[in-house]
Amino acid sequence: MANMFDQNALEDSLASAAENAVAPSIEPVELGPPPIIEPVVVMAPPPPPVTDEPREGDAVPVEQTEDVGKLYIECRTLLFYVACRKFRIPECDAESLIQEVFLSYLQSGTKIDNSRGWLVAAMCNASRHYWRTQGRTEQLPEDFARQSDPASLGLAEQFALEMTLQQCLRYLQPRCRETLELHYYEGRSASEVAAEMKTTVRYAEKLIHNCLRRVRDLYMNLTTLANR
């Protein structure tokens, strides 16, 4: 009984102490205005001044280093001799090559120490290139304006041959005509002709041979009758 009394008394004491307890007061703190952060401006260094003078390591244009007009007068005869005498280039084409060589010289962005040697070497290269391109073409004769197209000289014979062959094909059986058209006009092989006509390769080869022989016989008979 004594322990129970003491426990009840302890609980009553704790309850009364909790009721009489007063929470501490917290006073509000006034905040001032936010600090002003000023932007930091980083100044870039000024660009270098623009001048017409070349800097170290820059390519010096050719026209600023030499008098090109004077160089042309001095080297033209030499370049003309190299093209016409050494490489056998016609005079009219040699003059055009000289102009191309000097144009390449003007467009060169590097400094040229030996301009005369550079021009001679460039003229030799241009002459070789000239003959490489001329080797793939054929020069027209001087009187080509008074000549007709060589392909037009046998037009009558070509038309007569085509008309005769068309007549020969009309005399053939449809299967034989189809075989020749597939093989000769469309360029099909014997195996492709066999696949198209749903037969064997051996029979397709035999069919091509027999049909061609039939056309040859018809052509010979028609031309023989026409010449009588």
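Just so it is clear, none of the values below were taken in a lab; they were calculated from the coordinates. As the structure is a prediction and not an experimental result, all values here were calculated from the model. Glycine gets a Cβ as well: all are built from the backbone with ideal geometry, and neighbour counts include every protein chain shown.
Determine the sum of side-chain charges near Tyr184: Lys and Arg each +1, Asp and Glu each -1, restricted to other residues whose C-beta is under 12 angstrom from that of Tyr184. All intermediate terms of the calculation are to be shown ahead of the outcome.
Numbers: positive: Arg177, Arg188; negative: Glu178, Glu181, Glu186.
Result for the local shell: -1.
Cut-off under 21 Å on the C-alpha distance; same-chain residues fewer than 8 positions from Lys198 excluded. Which lysines are left, in chain and number order?
Once the sequence-local lysines are set aside, what remains near Lys198 is Lys206.
Show which lysines lie in cross-link reach of Lys111 when reach means a straight Cα distance below 21 angstrom and same-chain residues fewer than eight apart are skipped.
In chain and number order, the partners are Lys70.
Taking 0.36 nm per residue of sequence separation and subtracting the Cα-Cα distance, how much length would be gained by fully extending the chain between Leu212 and Arg128, in nm to one decimal?
25.2 nm
Test of understanding: what is the full-extension gain from Val201 to Glu181, defined as 0.36 nm times their sequence separation minus their Cα-Cα distance? Mind showing how you got there, number by number?
Details: separation 20, 0.36 × 20 = 7.20 nm, distance 1.66 nm.
Full extension of this stretch gives 5.5 nm more.
Normalised by the residues of segment 156-227, what does the relative contact order come to in percent, with Cα pairs under 8 Å and at least six apart? Before the final figure, lay out the partial values.
Working: 41 pairs, mean separation 25.0, N = 72.
Over segment 156-227, the number comes to 35 percent.
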